[in-house]
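The values are calculated or read from the model by the stated rules, or taken from the named source; none is laboratory data. Bear in mind that the values here come from a model prediction, so they are computed numbers and not experimental data. Methodologically, a virtual Cβ is constructed for each residue, glycine included, from the backbone with ideal geometry; neighbour enumeration extends over all protein chains shown.
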Amino acid sequence: MTHHSIVLEPDGPGSYRFKFATERGEISGRVRVALEGPPDNRSEADQEQAALNQILAVSREFAQSCGD
């Protein structure tokens, strides 16, 4: 799945690898979206949205670290 230049690839249960690329460079990594407890019954689209939300949260923390 591609979303605004973010490429998501499943990487095991509840995990996604991602890559964000622009003309300036790229950032890649891995996020976990698994829920603790019972099996995750969310749709694939909901899990992908959760991965994008995790990437957004990590990018905000990264931006804060760059500003420190």
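Cβ-Cβ below 6 Å, separation at least six or inter-chain, first residue in the stretch 31-60 and within 13 Å of Tyr16 (Cβ to Cβ), second in a helix (DSSP H, G or I) and among the small types (Gly, Ala, Ser): which pairs? That search, which allows pairs on different chains as well, returns Val31/Ala51; Val33/Ala50; Val33/Ala51. Can you find, within the stretch 16-68, the residue that is modelled with the highest pLDDT among those that are over 12 Å from Ile6 (Cα atoms), in contact with a Gly (Cβ under 8 Å, 6 or more places away or on another chain) and not in a helix (DSSP H, G or I)? If we take residues in the stretch 16-68 being over 12 Å from Ile6 (Cα atoms), in contact with a Gly (Cβ under 8 Å, 6 or more places away or on another chain) and not in a helix (DSSP H, G or I), then Arg32 is modelled with the highest pLDDT.
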